[in-house]
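This report concerns only the one structure given below.
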Amino acid sequence: MTTRPIRFLHRGAVVEASNVPPMTTVLDWLRLERRLSGTKEGCGEGDCGACTVALGRVKDGRLAYEPANACIMLLGQLDGAELVTVEDLASGGRLHPVQQALVDHHGSQCGFCTPGFVMSLFTLYQEGARADREVVLERLAGNLCRCTGYRPIVDAALAACSTAPDDTHARRSTATAAALAALADGTDVFVGTEEAFFAAPASLDALAGLMDQHPDATLVGGATDVGLWITKQLRTLPKLVHTGRVAELRALTVTEEALTIGAAVTYGEAAPALGALDPDVALLLQRLGSTQVRTAGTIGGNVANGSPIGDMPPLLIALGAEVSLRRGQAMRTLPIEKFFLAYGRQDRAPGEIVTHLRVPRPAAGEHLRVFKIAKRHDQDISSVMLAMAIRLDGGRIAGARIAFGGMAGIPKRASAVERALEGVALDDGGTIGRAVARLGEDFTPLDDHRASAAYRLRVAANLIVKGLAEIAAGDRSATRLATLRGASHAA
């Protein structure tokens, strides 16, 4: 590997980081190294938004700013991006329009959360579209305030994010884009020693070669999970390999038959294509984390970590997705439902990389239903997650793929229920009820602080019945939110 240090833009200058511990977070670098304490440390797990910063990258030919949680983002993930913090917004002795709007509308009391709100709204301001209330609520779903209340903050957002951006960042966007292009040199990043390092290979061959040499290294996508291993579980991860600079893993291909999603594609990048599969998928993705989480977290990383409470694996199982892996020069593909073996264990050898996912489109006559049950609507872990694809022949069920998350140590299918439903008429409530009662053969549900085992089993059964009733009726508008935030939601 021909390597170089971590490089990114901050305040118009290139920052080169060559001597930083691999687990250094953006938040720690800002507060401890640069003494920029405007970015706050709240929850330390990407939930409260007090640590929100903005990252500028060139996407689709234009400079775009996205919010990110600095507390769980590794410094090396900044490579090739522009970092913007709350200290960088005021200019010429004048507050930024977002900051001024929060002052004018009394949007701050203790002020601890305010920098995070400012930065989330800064990214919305840079988009240049007139924001309505639903768009504002969507952008602020990852920011918590315990004293001001959200009404004045939303009022400030509506006032500030109503015109084309006119600040120093917008005015120098061409120069910033050129500077970022100069950083994209296709060279592998490696900082540290053979025993402890942060690496960000620039090609799949380089990534595979590095993991072949260091099979004990931890692969990092968006660090929305790995970041918590560092901040909450206090793990020591001496070797970290970031996938975000591998072009082959960042590709998203859409055909009439399927979506092929590279393992480093983020939820935010995949959302338009995935959401177009079905309105339920679009609604699920809107509730999956916050904007900060979706712009960092990768679908491939979610699958590779094998969380039993991840929202995406049940959907991928219901759709019949396949996962492809590579180790050295050897490649293989398997159905995604066979990838999850047991709690904390996947069919992935040391040094093996998830490269991409193939997600078939629902076939003609196939009906998809997706339900997420959680204590909060926004940015919460599922108590029960159901995705089911039902294939009909007339009014009878010709086939079913029913997958759950949150019910067991792995995301898995309800195979006994699927078999019992085959051939059953949609209007045969008695037989459907008996088929759904076989859930106990498929699952001994988890019993924890999110939900009891009995609750999970009852809710899971009811969700299957609900989905089948909707399919029989041909309309889901009465049993689902009529609209997605900021977009129409057709039945």
- Query: So how far, in whole Å, is the C-alpha centre of the stretch 369-430 from the one of the stretch 189-258?
  - Reply: 33 Å
- Query: Under a 5 Å amide H to amide H cut-off, with H placed in plane at 1.01 Å, what residues pair with ILE353 once short-range neighbours are removed?
  - Reply: ARG326, ARG327
- Query: Taking H as built 1.01 Å from N, whose amide H comes closer than 5 Å to the amide H of ILE6, not counting residues under 5 places away?
  - Reply: ALA17
- Note on the structure: Distance in Å, no decimals, from the C-alpha centre of the stretch 115-137 to the one of the stretch 453-480 is 35 Å
- Query: When the helix-only estimate is applied to the chain (DSSP H runs of n ≥ 4, each -39,500 (n - 2.57), divided by the residue count), what is the mean residue ellipticity at 222 nm, nearest 500 deg cm²/dmol?
  - Reply: -8500 deg cm²/dmol
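Filter the chain for me: DSSP H helices, axial length by Cα at least 27 angstrom, mean Kyte-Doolittle hydropathy not below 0.0. List them by residue number.
Details: long enough: 453-473 (30 Å, 0.94).
Membrane-span-like by this rule: 453-473.
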- ASP166-SER452 pseudo-label distance in nm [points 7 Å out on the Cα-to-Cβ vector]: 6.1 nm
- Query: Can you list the HN-Hα couplings for the stretch 257-265, worked out from phi with the Karplus curve (6.51, -1.76, 1.60; θ = phi - 60°), rounded to whole Hz and with x for Gly and Pro?
  - Reply: 8, 6, 9, 10, 10, x, 5, 9, 6
- If you roll a 1.4 Å probe over the stretch 182-287 with all protein chains in place, what percent of the accessible area is carbon or sulfur? 52 percent
- How many nm separate the modelled label positions at ARG35 and LYS59, each set 7 Å beyond the Cα in the direction of the Cβ? 3.5 nm
- Query: For labels at ARG396 and SER18 in the simple 7 Å Cα→Cβ model, what's the distance in nm?
  - Reply: 7.3 nm
- What list of ³J(HN,Hα) couplings, whole Hz, do you get for the stretch 322-331 from phi and the Karplus terms 6.51, -1.76, 1.60, once you set θ to phi - 60° and write x for glycine and proline? 10, 10, 10, 10, 9, 9, x, 9, 8, 10
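Which order do TRP229, TRP29 take by accessible area at a 1.4 Å probe, largest first? Before the final figure, lay out each step's value.
Working: TRP229 40, TRP29 15 Å².
Sorted by accessible area, descending: TRP229, TRP29.
Leaving ligands, DNA and RNA out of it, rank THR255, THR85, THR174 by accessible area with a 1.4 Å probe, largest first. Mind dumping the intermediate values first?
Details: THR255 60, THR85 0, THR174 110 Å².
These residues rank, largest area first, as THR174, THR255, THR85.
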- When the accessible area of the stretch 14-168 is computed with all protein chains present and a 1.4 Å probe, what percentage of it is carbon and sulfur? 47 percent
- Can you sort HIS106, HIS377, HIS169 by 1.4 Å-probe accessible area, starting with the largest? HIS106, HIS377, HIS169
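Rounded, prolate or oblate for the stretch 312-393? Axes are the square roots of the Cα gyration tensor eigenvalues, ordered a ≥ b ≥ c, and the cut-off for rounded is a/c under 1.5. Show your work: numbers first, answer last.
Details: a/c = 2.68, a/b = 1.37, b/c = 1.96.
Note, shape of the stretch 312-393 comes out oblate.
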- Solvent-accessible heavy-atom area per residue, rounded to whole Å², over the chain at 1.4 Å: 41 Å²
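The values are calculated or read from the model by the stated rules, or taken from the named source; none is laboratory data. Computed from a predicted model, the values in this text were never measured in an experiment. Heads up, the Cβs are rebuilt from the backbone with ideal geometry, glycines too, and the neighbour counts pull from every protein chain shown. These accessible areas exclude ligands, DNA and RNA; they are computed on the full protein's heavy atoms, side chains included. Shrake-Rupley method; radii C 1.70, N 1.55, O 1.52, S 1.80 Å.
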